Amino acid sequence: MRSVMLGAALVLGQVALPAAAQPAGAQPALVEQGRYLAVAGDCAGCHGESFKGGEPVATPIGAIHASNITPDRASGIGSWSLGQFSDALRKGRAPEGHLYPAMPYTAYTGLSDIEVQALYSYFMLGVKAVSNRPLANDLPFPFIRAAMAPWDLLFLTEGKPTGAATVHGEQQLRGRLLVETLGHCSACHSPRGTMMQERADRHLAGAMVAGWWAPNITADATGIGGWSDKKLASFLATGHSDLGVAAGEMATVVSRSLSKLTPGDIDAIVAYLRAVPKMVSPKLLRAATVTASPLDIAAIEQPTELSAWQSQLGHGTRQGDVLYQSACASCHGADGNGSAGLVHPSLHLIDSDSTANAATLVQVIAHGVDRTVGARHTFMPPFRSDLDDGQIASLANFVRTEFGGVGSVLTDADVAEILAGKSATPWLIRYAGPLVIAAIVIFVLGLFLLSWKVWRTFTRRLARR
Amino acid sequence: MKQMPEPSQPLGPLTVTRRRVLQALATLVPAMGLATMPLATHALEADDAFLTASRVITGNTTLSAGIARRMMALLVVRIPEFAAKLDDLLKAFRATGGTREEMLSALKDSQVQFALAIAQPWYLGHVGTPSDFVLKDDAVFVTYLEAQSWTKIVHEVPRPTYPGADAGWWDVAPPGVDAPAMPEGIKEWTFHPGGPADIMAPDPKWKAYATAPHASIDAARRAKPGST
Amino acid sequence: MAVYDADVIVVGSGSLGSLAALELARAGKTVVILEAGPMVPDWKITENFRTSARKGNLNAPFGDIPYAPNSYTPGYLDFDADVGWVPGTLRVAGGTSRHWTGVAWRLLPEEMKMRTQFGIGRDWPISYDELEPFYTAAEYQVGVNGADETDYSGLNRGAPYPPRSKPYPLPPEAKPYALQRFQMRAAERGYRVDHAPNVRLSRPYAGRPACIGNNVCNPNCPIGAKHSGLHDLEAAQLAGATLKTGAVVDKLESDAQGRIIAVSFLDPNGVRSRLTARTYVIAAHGFETPKLLLMNGLANRSGMVGKNLMMHPTLSMGFFADEPLWLGRGQYLHGANLQHRLRSDRSKVSGGFYQFMNHNAAPAMAVALFKEGNRIGASLDDELRRRASQYMAIQLLLEDLPDPSNSMSVNPSFRDSLGQPGIRVHYRLKDYAKSALPRTIDDYSNWLQAMNAVPQELPGAHWYNQHHIMGTVIMGSDPSDSVVDKDLRCYGHDNLFLVTTGVFPSVSCVNPTLTGMALAIRAGRHIAKEV
């Protein structure tokens, strides 16, 4: 439905402006290229299907509302020049001030001039102007926009996306554009440092994002090393594979962006990922082959008497095997092997990136999966309202232990924390406010002390004369 | 008619308990020539005897000890002289040996009746008679996952509440079925094969066949128009 | 200015009550839904079904609750009827539609004017055209699969009927192989197979997954692909309605003018509470709604409360085809034959439609084989597989006409743990339905021939009903013979509405729930305007 509406908007948005009214640099011939680049860059992911903005992007510092990037002159970017557009994308500087790096300009900085111009052409000529004024971003002190200047000095290298690897050949070059620049994959898949910058030394090694685990996508065995090119390409294009499915935010990335790329571009992404330096992730020890213990049928089939109605209707059990059978086996099979054809995946290949993958499993149990790729709508229902946190913990523990072959001891509190979706916030960021205030106080005190000392010295000297 | 008959099966692989029993047998009864059909003797673990008998009767060598224990506890109080009859049945199986079919066909009528009394709860998954319309009856649940009626057709028809495949998987011919040719479009609900515009009057001999009393399904099969 | 606990109190959290509550909540009204029974999630019902010793008993997985007995609680329902299959009604959150099969028909315009068109029965005081927008609203709210091109009159006139303002929200589900085979062969004797619209999603919709053929529509879909009242209840709660479970309503207080001023209810321990509202909706299905009115002496100036009980008389039949079909792949039933729905002899012979059952045949075949008792071992297994593969089962649903002698009443010889009485039903099959039997036998004979089949159950040895409960608080424009008016408002009680299939003045032969949902949505919107 939404993709149809977007398509209609795009068609409708092809306003034939008289040549004089077209912004300088915006070229009709580049609009289609710009549209494709916008899909690959997933601008709609933050700025909305119609690009009118307003959607909050959760960050540990606060919600940032993406701006209106339609060509509306009053509330959008209709009055921006090509140069201003380019600076926003590649330098993080908008006409009204610095952009926060929630806008991934540290990735988009890799765009070439012609790509910038194509995007500009698309947004000026191919997108319908919508009047919408998103909420202003009032991030708390000390994260004023001017504070981004020193941050950019430290962490932005213009023209070079963070972590971009050396490439060989056209395909890897194209892949690097799609992964590091447009795809800004490292915005989720790289961990962040003390000042919330992407850690280039752990580029694409995996990170927790709002309670979900964005996995290691380097070619190490603890990343995607065990995936064939074909499987990886298929996963990117459809969100589905027998080694894992795209859920949560990745599901929307697949639906909105990756599934709409050309097969050649998907192959290029795969080729580039193979070229990125391998990162090793911690992994729980796991049996080489997981053979689930044979179903203890008598244990999971507990009869109740007709008169024992409270037991029949009570639904607070914490027994993971019972919960699995009752809530999950109708799709994933009594033995966890999934359904024929594996549309409902086997749970035996639950991977084991330490506690990180437990987070994804908990999120999927709670929220389900909702992913539309073309005509195919994949849907797993959410269970958050049918199971309490302790039950989700028991269920996740059962699945990881019984089918994944790893130890798992999640508690209610763990589940609550995962579902609260807070990303780990570096201490520097969390205490930035008090720290800056302290720094200012110390500086002022220091100034005061210094000037008092100077005054004393001066008056003493005066006194000695 | 296309389905394959269920193959006759010898007893399956030894369980741990049966291995233990065999070792005990070997010391106690050296000369019984049991090599072809390992079976627990009644003198040892009675629940293993029931499990063994159940596996022979149902032809399913994977029946679990847990459910067998549950079922035996229910049958012991419902069938008079249960232990003696079980004993007798196992003796008969031992005496005949060989395949499931060979062992079953050598049973006396009374033994067959007892074997059926064991078979029924294995096939249906409960003992007693359930009521569909009142919450009071003498039925007691035994098993669902090991209820053999569903198990016997599970290759063609998934067990209810468990998954088949993706949405809409059921419009293809079941496994093992050689589907007759049908026109393109038969899967569409708006498709209608040609034919008379409205319902025809029934052929009198088919009407007579439909309304005649038939003593059994086999009798009805024999009486079908065109069958003899 | 009076202060109320809520704008509207809805008694009963089933599909119809919840849909009315949803409309009221959407209109900004405060709504309290009172449900006698508890909340039980779907996964627990799945577990209870699997461990049930009585899988054909639809109420069993929902428990036998001492303070909220259901129609299968021993002694609760005194069922004096010459039809088999006792209607199974539930008292849990989500109501009886937790275990419906999910068939979602519309009435035909003619069927709503039986007296005018055919000289029998009663007319609805509203027309199909007035109800049509609400049929559409219901179909989009719950998600109905349908084939837009179908002529549901069964007359094969080449154009869709009845008229629709919007297409079905979802396409039909897959047609099972078994039905394809039947369709091909039965066509040679002049039979057509059409799609039966239903709520077992063919695609994900409204936060529920598509059906994957778990084949346990009754008693409950394990994955929520089949709609149930629980989904409507959740929607109502999301829209702002408040749910109170364990609230057994037994008293409706009224003033001298007949206005209801309070409901009074008991919790499971017998502790009494009282709530007030501007308007009251009773949505407790076709038995409990009239029972509550009778216990309180309300809405019965016409004497029709509890009377005119209509169920759908049913004939069941089965045979063994000469080829493997393998029922049980897909949903509990698929498709329909509608050719007898609107015959010209409708004034004399009940209209009817056939539904093609699709239960897993293994347990029924096994029960029969053990009863026969003459097979064991491979021959038992072979015969079980042969019969299960060849079996085909068909049901015919027929129309009832309103007759005050068919009725429900209060059964004082049963008392539950709160001291509440049970229900008594008196029902006798009418000639109108019986007159359809000869035609049915002809169809059965034709099908035996078409499938070269062996008979298993000839229709007519027993009559049954479909668990559909209608007519017991009948709607009409004449207060002297009706309980509610065209807006479902009780005659004599301006602020009391009955939202239940019990209001139907005519019932056709088709499953009533979608019609009930349409009435519920219409009532909710109507009440919202005046509250």
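The values are calculated or read from the model by the stated rules, or taken from the named source; none is laboratory data. None of these values were measured; they are calculated from a predicted model. Methodologically, a virtual Cβ is constructed for each residue, glycine included, from the backbone with ideal geometry; neighbour enumeration extends over all protein chains shown.
Observations
- Residues being more than 7 Å from chain C (Cβ to nearest Cβ), acidic (Asp, Glu) and either in a loop (DSSP other than H, G, I, E, B) or surrounded by 18 or more Cβ atoms within 10 Å (Cβ to Cβ) (or both) - total across segment B:199-218: 0
- Options C:Leu230, C:Leu292; residue that is closer than 17 Å to C:Glu35 by Cβ and within 17 Å of the chain's Cα centre (by Cα): C:Leu230
- The listed residue being within 14 Å of chain B (Cβ to nearest Cβ), of a type in the set (Lys, Arg) and not in a loop (DSSP other than H, G, I, E, B), out of C:Arg424, C:Arg387: C:Arg387
- Within segment C:283-298, residues that are over 14 Å from C:Ser407 (Cα atoms) sit with their Cβ atoms under 6 Å from residues that are part of a helix (DSSP H, G or I), at 6+ positions apart or across chains, in these pairs: C:Ala283/C:Leu16; C:Ala283/C:Gly17; C:His285/C:Thr96.
- Candidates in segment B:219-228 are the residues that are hydrophobic (A, V, I, L, M, F, W, C) and more than 8 Å from chain C (Cβ to nearest Cβ); of these, the one that is nearest to the chain's Cα centre (by Cα) is B:Ala219.
- Pick from segment B:86-100, criterion without any contact (Cβ under 8 Å) to a residue 60 or more places away in the chain and within 21 Å of the chain's Cα centre (by Cα), ranking: farthest from B:Leu51 (Cα to Cα): B:Ala92
- Within segment C:225-261, being hydrophobic (A, V, I, L, M, F, W, C), buried (at least 18 other Cβ atoms within 10 Å of the Cβ) and in a strand (DSSP E or B) holds for C:Leu243, C:Val248, C:Val249, C:Leu252, C:Ile260.
- Test: residue in segment C:474-485 that is modelled with pLDDT of 95 or more and closer than 30 Å to B:Pro193 by Cβ: no
- Restricting segment C:25-55 to residues that are facing chain B (nearest Cβ under 8 Å) and among the basic types (Lys, Arg), the residue that is nearest to B:Thr161 (Cα to Cα): C:Arg50
- Just one residue in the set C:Thr96, C:Thr73, C:Thr89, C:Thr46 is surrounded by fewer than 23 Cβ atoms within 10 Å (Cβ to Cβ) and hydroxyl-bearing (Ser, Thr, Tyr); that residue is C:Thr73.
- Here C:Leu418, C:Leu397 are screened, and the one residue that is more than 14 Å from every other protein chain (Cβ to nearest Cβ), assigned to a strand (DSSP E or B) and among the aliphatic types (A, V, I, L, M) is C:Leu397.
- Yes/no for C:Leu396 being under 30 Å from B:Val177 (Cα atoms), under 26 Å from the mean Cα position of the chain (by Cα) and crowded, with 23+ Cβ neighbours inside 10 Å: yes
- Boolean, A:His377 is without any contact (Cβ under 8 Å) to a residue 12 or more places away in the chain and within 30 Å of A:Ser255 (Cβ to Cβ): yes
- Per the listing B:Pro163, B:Pro183, B:Pro174, the residue uniquely in contact with a Cys (Cβ under 8 Å, 6 or more places away or on another chain), outside any helix (DSSP H, G or I) and either farther than 29 Å from C:Leu380 by Cβ or within 7 Å of another protein chain (Cβ to nearest Cβ) (or both) is B:Pro163.
- Verdict on B:Leu89 being of a type in the set (A, V, I, L, M, F, W, C), at pLDDT 95 or above, assigned to a helix (DSSP H, G or I) and out of contact with any helix residue (DSSP H, G or I) (no Cβ under 6 Å at 6 or more places or on another chain): no
- In segment C:291-347, residue farthest from the other protein chains (Cβ to nearest Cβ) [restricted to those that are aliphatic (A, V, I, L, M) and part of a strand (DSSP E or B)]: C:Met310
- Screening the candidates C:Gly88, C:Gly56, C:Gly84, C:Gly75 for the property of being on the phi > 0 side of the Ramachandran plot and either modelled with pLDDT of 95 or more or under 17 Å from the mean Cα position of the chain (by Cα) (or both) yields one hit, C:Gly75.
- Residue pairs whose Cβ atoms lie under 6 Å apart, sitting 6 or more positions apart in sequence or on different chains, and linking a residue in segment B:157-186 that is over 26 Å from A:Arg376 (Cα atoms) to a partner that is part of a helix (DSSP H, G or I), are B:Arg159/B:Trp150; B:Met182/C:Met184.
- Counted residues, segment A:178-201 - those being touching a helix residue (DSSP H, G or I) at 6+ places or on another chain (Cβ under 8 Å) and in a helix (DSSP H, G or I): 8
- Considering segment C:348-368, and only residues there that are touching a residue at least 60 places away in the same chain (Cβ under 8 Å) and within 8 Å of chain B (Cβ to nearest Cβ), the residue that is nearest to the chain's Cα centre (by Cα) turns out to be C:Asn360.
- Residues being crowded, with 24+ Cβ neighbours inside 10 Å, within 8 Å of chain C (Cβ to nearest Cβ) and under 15 Å from C:Gly373 (Cβ atoms) - total across segment B:120-133: 2
- Apart from one condition, B:Phe93 fits all of (1) crowded, with 20+ Cβ neighbours inside 10 Å; (2) facing chain C (nearest Cβ under 9 Å); the exception is (2).
- Selected residue [assigned to a helix (DSSP H, G or I) and out of contact with any Asp or Glu (no Cβ under 7 Å at 6 or more places or on another chain)] from C:Ser71, C:Ser97: C:Ser97
- From C:Leu90, C:Leu58, residue being at the interface with chain B (Cβ under 9 Å from one of its Cβ atoms), closer than 23 Å to C:Thr289 by Cα and part of a loop (DSSP other than H, G, I, E, B): C:Leu58
- All positions within segment C:172-193 that are outside any helix (DSSP H, G or I) and more than 7 Å from every other protein chain (Cβ to nearest Cβ): C:Val193
- Contact map, segment A:139-165: residues that are among the acidic types (Asp, Glu) paired with residues that are in a helix (DSSP H, G or I), Cβ distance under 7 Å, separation 6+ or inter-chain. Pairs shown: A:Glu158/A:Arg90; A:Glu158/A:Lys91.
- C:Ser413 being touching a His at 6+ places or on another chain (Cβ under 8 Å) and either more than 10 Å from every other protein chain (Cβ to nearest Cβ) or under 22 Å from C:Thr289 (Cβ atoms) (or both): no
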